[in-house]
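Everything below concerns the one structure shown next.
Please treat every number below as a calculation from the coordinates, not as lab data. The model shown is predicted, which means the values in this text are computed figures rather than measured ones. Here the Cβ positions follow ideal geometry from the backbone for every residue, glycine too, while neighbour counts run over all protein chains shown.
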Amino acid sequence: MTRLLLVAVALTACGPDFMGRRYEGSYAMVFQLPSGPRHMEGLMRVAFNVYEEGQAVLIQNATRCTVSARYVADLREPDANGQLVAYEELRDVRPDQALVCYAPEELGENVWLEFRLGSGRIESGRLKLSYSGDVWQGSSPDFADARGTRLGTFAYAFEGTQVPVP
């Protein structure tokens with residue numbers, strides 16, 4: 001219920017710091033499993049919303065996981081030529097409201113992705129995201145109860161360009 005409320009807030013533009021953007025691009029996921037490496041990729045749209053003092057929600061249409069992050073605006077650093085480059089950062093990228101998400105159906109039933117914190121960067125109208133973690137199989141997404149079996153690891157990357165929001 002809390003997750004739905006947060007997504008509804010982000011989608012309806014409530015809150016003092018709302019910023020709505022959309023990015024289109026491609027994602028890639030790499031899995032290291034006992035059966036061998038697996039690679040998945042495809043096109044994806046990401047709705048990016050910032051609300052309540054720098055808390056961001058990213059809704060990804062091609063995965064079954066909505067992620068949250070801390071949004072930091074207006075950062076600057078020198079590039080290779082010494083010119084200052086403006087960028088925005090997404091810190092502590094993680095699934096919204098939990099540390100696990102469903103794995104793609106191709107990996108089997110009751111398979112979950114448990115995240116380590118990831119990162120993101122927005123520069124010149126391009127969004128780049130990356131995160132990684134462990135792949136688990138079990139009847140519960142709450143692996144603190146030790147009912148799951150670790151199957152392997154995964155890495156995820158997205159890169160897309162900002163497009164107009166209708």
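In a shell of Cβ-Cβ distance under 12 Å around ALA86, excluding ALA86 itself, what net charge do Lys and Arg (+1) and Asp and Glu (-1) give?
Values: positive: ARG76, ARG121; negative: ASP74, GLU77, ASP79, GLU88, GLU89, GLU123.
Within the 12 Å Cβ shell, the charges total -4.
Find out how many positive minus negative residues lie around PHE48, taking Lys and Arg as positive, Asp and Glu as negative, among other residues whose Cβ is under 11 Å from that of PHE48. Let's see the in-between values first.
Details: positive: ARG21, ARG22, ARG45; negative: GLU88.
Local charge sum for PHE48: +2.
Please report, in debye to the nearest 20, how large the charge dipole of region 67-166 is about its Cα centre when each Lys and Arg carries +1 at its beta carbon and each Asp and Glu carries -1 there. Before the final figure, lay out the partial values.
On the way: 10 positive and 16 negative charges, 36 e Å.
The calculation lands at about 180 debye.
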message: Could you give me D for region 33-166, from Stokes-Einstein at 4 °C and 1.567 mPa s, where the hydrodynamic radius is the Kirkwood radius over C-alpha pairs? Units µm² s⁻¹, please.
response: 80 µm²/s
statement: The size of the Cβ-based charge dipole (Lys, Arg +1; Asp, Glu -1) of region 45-108 about the Cα centre, to the nearest 20 debye, is 120 debye
